[in-house]
1. Which residue, of 55, 73, is touching a residue at least 12 places away in the same chain (Cβ under 8 Å), surrounded by 18 or more Cβ atoms within 10 Å (Cβ to Cβ), on the phi < 0 side of the Ramachandran plot and not in a helix (DSSP H, G or I)?
2. Exactly one of these conditions fails for residue 192: (1) in a loop (DSSP other than H, G, I, E, B); (2) farther than 15 Å from residue 82 by Cβ; (3) touching a residue at least 24 places away in the same chain (Cβ under 8 Å); (4) in contact with a helix residue (DSSP H, G or I) (Cβ under 6 Å, 6 or more places away or on another chain). Give me its number.
């Protein structure tokens, strides 16, 4: 396979975003017409398996192509953890887990789709894997919102920030032991995201500040377009 140089808003990037939006519209708005019922347990099982398969199969491709490294390919990014939690929550629908993947999905995964870190894509296939499982995480959250009336409310923001920072603390220890950069806690990602400001550790603090602002906005949009969370 030929080495790959990713460029933001290149043809690959734009096409991937268009395909993601198209699939979201088809599967969320017209699922009945393509034979998927709103309460289909089979679809949830297939989607859960697909999400886990995307993560594990990327690891296999990396191993076989010589690009796997324990310092960057363990499922220890927030969105990677979110994929596994979302796969679980599609079946069991725990509210606390929903709050976490709402926060990580709409804020983290959306940012990862629109402004990816090009350093992670040694081969072209790894870019498509990244777009695929980040999109799957967002789709899972949207499915639970639209089909099962799950909502996040403003009162849950502090809870998810605390839980997220507990995980950040644990991953900081892992980064120290492995000399890794999971969750980009050691080195800023190579991304054009407007939310990355300053040097270490300033950019970590600023990302969290902007994340809270964005999750407030996403909750507002959720409540505007759908039935608000019950108080």
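The values are calculated or read from the model by the stated rules, or taken from the named source; none is laboratory data. What you are looking at is a predicted structure, and each value in this text was computed from that prediction instead of being measured. All Cβ positions, even for glycine, are placed from backbone atoms using ideal geometry, and neighbour counts span all protein chains on display.
1. Only one candidate passes the filter, namely 73.
2. Tallying (1) in a loop (DSSP other than H, G, I, E, B); (2) farther than 15 Å from residue 82 by Cβ; (3) touching a residue at least 24 places away in the same chain (Cβ under 8 Å); (4) in contact with a helix residue (DSSP H, G or I) (Cβ under 6 Å, 6 or more places away or on another chain), residue 192 fails exactly one: (4).
Conditions tested, residue by residue: (1) more than 25 Å from residue 99 (Cα to Cα); (2) part of a loop (DSSP other than H, G, I, E, B); (3) touching a helix residue (DSSP H, G or I) at 6+ places or on another chain (Cβ under 6 Å); (4) modelled with pLDDT of 95 or more.
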position: 23; (1), (2), (3), (4): no, no, no, yes
position: 38; (1), (2), (3), (4): no, yes, yes, no
position: 48; (1), (2), (3), (4): no, no, yes, yes
position: 88; (1), (2), (3), (4): no, no, no, yes
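So that you can scan it fast, the table gives a plain yes or no per residue for (1) in contact with a strand residue (DSSP E or B) (Cβ under 7 Å, 6 or more places away or on another chain); (2) assigned to a loop (DSSP other than H, G, I, E, B); (3) closer than 20 Å to residue 107 by Cα; (4) modelled with pLDDT under 95:
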{"position": "119", "(1), (2), (3), (4)": "no, no, no, yes"}
{"position": "128", "(1), (2), (3), (4)": "no, no, yes, no"}
{"position": "137", "(1), (2), (3), (4)": "no, no, yes, no"}
{"position": "141", "(1), (2), (3), (4)": "no, no, yes, no"}
{"position": "160", "(1), (2), (3), (4)": "no, no, yes, no"}
{"position": "163", "(1), (2), (3), (4)": "no, no, yes, no"}
{"position": "169", "(1), (2), (3), (4)": "no, no, yes, no"}
{"position": "175", "(1), (2), (3), (4)": "no, no, no, no"}
